């Protein structure tokens, strides 16, 4: 399946100057950038930088980045599900995971998370895919945000709704492990019914939970 990759570039005004929101960023361009030191939610910044380059090199991989000068201050990743996760079981080539979204501490409150997400879906780039994200409260920066789990979940839901992602039920054990965890999904307008039905079978292993 062909996943469209149309390079987008937008200028947003930061606190001290312009910030470029761009993507999908090709790997050679990503290599020229540095990671902001506070982008450490998932790995140490140098390791996360290497991971972004690896994702960008994948045929389906997409990195949308917010860049201040030559410093990545925010990013969102898209890729196929990890082969060890249930979401890969159907072998679907039109099922894409929104894997991570992160904005550096001092750049929060500028609307960069929304800009990153909106840029990723512009011009129908992902209309031929089912895009999902799994939200787990243990990945959330509750301390830094000052929000409780329910306030943070609401913030994430509102963010994803900007591109039409909505809450979907599932019997996945990790998501069911805490009531604040959730699965959010956007089924692109060009996705065939057969793919949507296959995704439903992946979401629910216990048929009585449909």
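Here is a yes/no grid of residues against (1) surrounded by 14 or more Cβ atoms within 10 Å (Cβ to Cβ); (2) on the phi < 0 side of the Ramachandran plot; (3) over 17 Å from the mean Cα position of the chain (by Cα):
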site	(1), (2), (3)
8	yes, yes, no
15	no, yes, yes
23	yes, no, no
28	no, yes, yes
33	yes, yes, yes
39	yes, yes, no
44	no, yes, yes
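Yes/no matrix, rows are residues, columns are (1) without any contact (Cβ under 8 Å) to a residue 60 or more places away in the chain; (2) within 22 Å of residue 110 (Cα to Cα); (3) not in a strand (DSSP E or B):
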site	(1), (2), (3)
10	no, yes, no
21	no, yes, no
38	no, yes, yes
43	yes, no, yes
46	yes, no, yes
51	yes, no, yes
54	yes, no, yes
66	yes, yes, no
77	yes, yes, no
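The set of residues in the range 23-36 that are assigned to a loop (DSSP other than H, G, I, E, B) and touching a strand residue (DSSP E or B) at 6+ places or on another chain (Cβ under 7 Å) comprises 24, 25, 33, 36.
Evaluate the range 61-73: report whether one residue or more is over 19 Å from residue 120 (Cα atoms) and buried (at least 16 other Cβ atoms within 10 Å of the Cβ). Step through it out loud before you land on a result.
At the first step, the residues of the range 61-73 found to be over 19 Å from residue 120 (Cα atoms) are 69-71.
Narrowing the set further to residues that are buried (at least 16 other Cβ atoms within 10 Å of the Cβ) leaves 71.
Yes; the residues of the range 61-73 include at least one that is over 19 Å from residue 120 (Cα atoms) and buried (at least 16 other Cβ atoms within 10 Å of the Cβ).
In the range 83-94, the qualifying residues are those that are without any contact (Cβ under 8 Å) to a residue 12 or more places away in the chain and in a loop (DSSP other than H, G, I, E, B), and the one that is nearest to residue 174 (Cα to Cα) is 85.
Where helices (runs of 4 or more DSSP H) fall wholly inside the range 101-194, the ranges with 2 or more residues that are buried (at least 16 other Cβ atoms within 10 Å of the Cβ) and touching a strand residue (DSSP E or B) at 6+ places or on another chain (Cβ under 8 Å) are 112-121, 149-161.
All of the numbers you see were taken from the coordinates with simple rules; none came from a lab. Just so it is clear, the model here is predicted, and its values are computed rather than measured. Cβ atoms come from the backbone with ideal geometry, glycine included; neighbour counts cover every protein chain shown.
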